[in-house]
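This report refers to the structure that appears directly beneath it.
The values are calculated or read from the model by the stated rules, or taken from the named source; none is laboratory data. Since the model is a prediction, treat every value here as computed from it, not as a measurement. Ideal geometry is used to build each Cβ from the backbone, glycine not excepted, and the neighbour counts take in all protein chains shown. With ligands, DNA and RNA removed, areas are computed over all heavy atoms of the protein, side chains included. Shrake-Rupley method; radii C 1.70, N 1.55, O 1.52, S 1.80 Å.
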Amino acid sequence: MQRRERTRHLIELGGLVQKAGLVELADDDRATIFGALLELVGRARGDDAGDTLALWKRRGKRAFDTESEAMEKGDGGPGY
């Protein structure tokens, strides 16, 4: 059961990478995607970590809300 939950969680995280447009931007190059994620982690561990994480959370929530509203209207969302 835990293995299945972990697999689902990892698939969802991969979906977020896709939805954010990172896969297309990096031309599906895993080294580039991994490097970008490592860069984000470095920034999030900096002196202003709390501010950085709060900013990312607001942006992500706003994007989810926009997508949800678009889906309710039936236009398929913003297409991240």
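Here are the numbers for the structure shown:
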read-out	value
The chain: DSSP helices with Cα axial extent of at least 15 Å and average Kyte-Doolittle hydropathy no lower than 0.0	30-44
Efficiency of FRET between GLN2 and VAL41 - r from beta-carbon atoms, R0 30 angstrom, step 0.05	0.75
Å² of accessible area per residue within the range 1-74, as computed with a 1.4 Å probe and no ligands counted	88
Which labelled figure in (1) -0.30, -0.99; (2) -0.46, -0.96; (3) -0.40, -1.15 is log10 I(q)/I(0) by the Debye sum over Cα atoms at q = 0.11, 0.21 Å⁻¹, once derived from the coordinates	(3)
The range 5-80, accessible surface, carbon-and-sulfur percent (1.4 angstrom probe)	55
Spin-label pair ALA20/LYS73, simplified geometry with 7 Å Cα→Cβ offset, distance in nm	2.6
